[in-house]
Amino acid sequence: MTTPADDATPTHAPYTADRPPLRETPDELRARIPGWGADLDPADRPSYPRERTDLPRARWDFPERQEQTSPRERSLEHLELTPVFGTAQPLTGVAGAIRRYSYERFSEGRAAHWLLLIAADRVESTAAHWRSLASTRSDDPLTETGVLSEAHRHPVASRRGRVDVRHQPLDVLVVAGPWVAAGLAAVVAVRAVVRRR
């Protein structure tokens, strides 16, 4: 939603080297936002010597825009879609609807945005597990997760001294949990069918 103030602001081409114009003066921003402009002085910015626009073969103009053949999600922080974007995984099904809602409704700075994306991944992986169980060649968690190779590849020595040692007990639950839950659900479903007969 745009306001008259937004319309009056000079436009800026994103993804180019030039900086967008400020809507307020630096003094107004500093008075309103504590700490704003702490890195304006180049002496306070360690990265300043590396900020160069005279590099050879570097493109500072707006790149050629990729053709958009279907709707793509973008963050609320961005005015428009990036010039180049991925098309390998279009949004489909319930998981796609959850992802689309996450991008349309929440900023990337909100936890809800990321929690919805994680939930969409869980929905998609659960659907993939059910499709696999319904197919003639279902997934094999023993061979495809590498569990059988654990005994032959230094299972204890390779885990000592790692930073994620506290997370390792959860790996069993994360990897095996969905399979155990799906197996139990299948057993319950089969028993229910047998009892009805």
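Data for the structure
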item: The chain - mean residue ellipticity at 222 nm from DSSP helices (-39,500 (n - 2.57) per run, n ≥ 4, rounded to 500); result: -13500 deg cm²/dmol
item: Net dipole in debye of the chain [+1 Lys, Arg Cβ; -1 Asp, Glu Cβ; about Cα centre; nearest 20]; result: 1420 debye
item: Stokes-Einstein D in µm²/s, Kirkwood radius over Cα pairs - the range 88-197 at 25 °C with 0.890 mPa s viscosity; result: 142 µm²/s
item: Phi-based couplings in Hz for the range 157-173 (Karplus 6.51, -1.76, 1.60; Gly and Pro marked x); result: 4, 6, 9, 6, x, 7, 6, 9, 4, 6, 7, 4, x, 6, 4, 4, 5
item: The chain, Rg to Rh (Cα coordinates; Rh as Kirkwood inverse mean 1/r); result: 1.10
item: For the range 70-152, Kirkwood radius (reciprocal of mean inverse C-alpha pair distance, Å); result: 15.2 Å
item: Inter-site label distance for ARG160 and GLU80 at 7 Å from Cα along Cβ, in nm; result: 5.9 nm
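Throughout, read-outs are computed from the coordinates displayed, never taken from laboratory work. Here the structure is a predicted model, which is why all the values come from computation and not from measurement. Reconstructed Cβ throughout: ideal geometry from the backbone, glycine too, with neighbour counts over all protein chains shown.
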